[in-house]
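**Student:** Here it is, the structure, as structure tokens.
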Amino acid sequence: MMASFSLVLFFVVIFMLKNVDGKLMNDVNKLGMNNCDLFNGNWVYDDDYPLYDSSVCPFIEKQFNCLNNGRQDRDYLKYRWQPHGCNLPRFNAKHFQHKLKGKKVMFVGDSLSVDQWQSLTCMLYAADPQAKYISKRNGSTSFFTFPKYNTSYLVSRNVFLVDIVKMENETRVLQLDSLSAASQWEEMDVLIFDTWHWWFHTGRKQPWGFVQDGNSTYKDENRVTLYEKALNTWAKWVDTKVNTTKTKIFFQGVSPDHDNCTGATRPSESTQGPHPGEIVLEKVLRGMNKSVHLLNVTKLSQYRVDGHPSVYGFGGHRNVDCTHWCIAGVADTWNVLLSAILHQI
């Protein structure tokens, strides 16, 4: 009897440990039957890359359109992410469109969400450039629709996820426990969230004057702490309001900056180590009850110092961009990973 009880207890503990890991990765970082970790690998030079010719996409924003802005080197386009122990399926745009027929996909976050959204829409359009598309913007939300496939891809510019409200005296207040945009999110079939970079703006770039945290209002706090509190508000919304059997929830992870990317033409050989934003994000995801699929792009993107617009972004030589990613480029790999996971769930 004691042996049987111990065996049952063993399997209960194993299940609990697996479930904790499941809330973070949801086991979708394991591809196929060989438990291959999609996010653990290296970049390999591949003459078959890039996946598409970005020049056929007339809608790429200037800040991501490196080739059109005069970038001459091309090697940064030739690197493919290779997981250790398996091959990542090559992106198939038509399969992707048919998988999502009749559905709405929304990216929610800052300009890195826009970056990934623009990458995906270009990947899809370049595969079928004769297909009609409808592109429009309403306030902070942009829509990109393919009537042929009855698919819609949206991006909502919501850099903190939680709300910033302008008071009667014109003071802007960051409300850590409020998600007024969530009603729009709940209409989607796939959601990919992102927030990090704007939490560290200070001075004139800081978009709030005060922070409202429950019944407390204060001027400021440690920014990582504010970030974590906002993530917990978002996590509570997912756990209490989202039917994750209908709406698939992803978090983009944290896209890394590089201190100096000028002149870089190939990936670096080492990463910058654990990212503080990613550590906090994983902590929050582990505490959730609902399934959230982490696109753990931080480490693989840390290698790609060569993939930023640098002087070929919106600001040119006056404002070197080592934050965003050229299109075509690194964000395409994020979408290849997104596609691989979507086909597993």
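The values are calculated or read from the model by the stated rules, or taken from the named source; none is laboratory data. If you're wondering where the values come from, they're calculated on a predicted model, not measured in any experiment. Please note: Cβ atoms are built from the backbone with ideal geometry, for glycine as well, and neighbour counts cover all protein chains shown. To get the accessible areas, we keep the full protein, side chains included, count just its heavy atoms, and leave off ligands, DNA and RNA. Shrake-Rupley method; radii C 1.70, N 1.55, O 1.52, S 1.80 Å.
**Student:** Any idea what the alpha-carbon Rg over 2.2 N^0.38 Å comes to for the range 217-345?
**Tutor:** It is 1.22.
**Student:** Can you give the convex hull volume per residue for the Cα atoms of the range 214-269, as a whole number of Å³?
**Tutor:** Once divided by residue count, the hull of the range 214-269 is 165 Å³.
**Student:** How high is the relative contact order of the chain, in percent, with contacts defined as C-alpha pairs under 8 Å that are six or more residues apart?
**Tutor:** 23 percent
**Student:** Follow-up question, since we're still on this one. Show me the ranking of peptides 185-194, 47-56 by mean Cβ neighbours inside 10 Å, starting with the highest.
**Tutor:** By packing density, highest mean first, the sequence is 185-194, 47-56.
**Student:** How many angstrom lie between the Cα centre of the range 221-267 and the Cα centre of the range 126-195?
**Tutor:** 15 Å
**Student:** Kirkwood hydrodynamic radius (Cα pairs, Å) of the chain?
**Tutor:** 21.3 Å
**Student:** Hey, with R₀ at 51 Å, roughly what FRET efficiency would N87 and Q206 work out to, going by the Cβ-Cβ distance, to 0.05?
**Tutor:** For R0 = 51 Å, the calculated efficiency reads 0.70.
**Student:** Still on this model: Run the numbers for N289 and V56: contour at 0.36 nm per residue of separation, minus the present Cα-Cα distance, in nm.
**Tutor:** Length gained, N289 through V56: 79.6 nm.
**Student:** Let me ask another. Just tell me which aspartates and glutamates come within less than 20 Å, Cα to Cα, of K246; anything on the same chain fewer than 8 places away is out.
**Tutor:** D27, E186, E187, D189
**Student:** When the accessible area of the range 196-297 is split by element with a 1.4 Å probe, what percent falls to carbon and sulfur?
**Tutor:** C and S atoms contribute 48 percent here.
**Student:** Given the options A127, F193, S156, identify the residue whose Cα lies farthest towards the positive end of the charge dipole of the range 94-252 (+1 on Cβ of Lys, Arg; -1 on Cβ of Asp, Glu).
**Tutor:** The Cα lying farthest towards the positive end belongs to A127.
**Student:** Please list, by residue number, every one of the trypsin sites (Lys or Arg not before Pro) in the range 94-151 that is coil in DSSP and has at most 13 other beta-carbon atoms within 10 Å.
**Tutor:** K101, K132, K148
**Student:** Does a label point 7 Å from the Cα of D47, set along Cα-to-beta-carbon, have any residues of the range 68-92 with amide nitrogen under 11 Å, and which are they?
**Tutor:** Hits in the range 68-92 for D47 at 11 Å: none.
**Student:** Separation between the N319 and K132 pseudo-spin-labels, each 7 Å from Cα along Cα→Cβ, expressed in nm?
**Tutor:** Going by the 7 Å Cα→Cβ label model, 3.7 nm.
**Student:** While we're here: Using r as the Cβ-Cβ distance of D189 and N40, and R0 as 25 Å, what FRET efficiency do you calculate, to the nearest 0.05?
**Tutor:** In this case the efficiency is close to 0.30.
**Student:** Sort I327, I279 by heavy-atom solvent-accessible area, probe 1.4 angstrom, most to least.
**Tutor:** Largest accessible area first, the list is I279, I327.
**Student:** Once neighbouring chains are kept in place and the probe is 1.4 Å, which whole percent of the accessible area of the range 67-112 is contributed by carbon and sulfur?
**Tutor:** 44 percent
**Student:** On to the next question. Roughly how many Å² is the accessible area per residue of the range 206-345, as a whole number, for a 1.4 Å probe?
**Tutor:** 42 Å²
**Student:** Tell me the mean residue ellipticity at 222 nm calculated for the chain from its helices only (DSSP H runs of n ≥ 4, each -39500 (n - 2.57), averaged over every residue, nearest 500).
**Tutor:** It comes out at -9000 deg cm²/dmol, rounded to the nearest 500.
**Student:** Assuming 0.692 mPa s and 37 °C, estimate D for the range 185-289 with Stokes-Einstein, Rh taken as the Kirkwood radius over Cα pairs, in µm²/s.
**Tutor:** Estimated diffusion coefficient is 201 µm²/s.
**Student:** Using 21 Å as the Cα-Cα cut-off, could you pick out the over-long pairs in K166/K290; K148/K241; K101/K132; K103/K248; K101/K241?
**Tutor:** K166/K290; K148/K241; K101/K241
**Student:** Extending each Cα 7 Å along its Cβ direction at K246 and T271, get the distance between those two points in nm, one decimal.
**Tutor:** According to this spin-label approximation, the distance is 3.6 nm.
**Student:** Return the distance in nm (one decimal) between the two label points of a simple spin-label model at K78 and R172, each offset 7 Å from Cα along Cα→Cβ.
**Tutor:** Using points 7 Å along Cα→Cβ, the separation is 4.4 nm.
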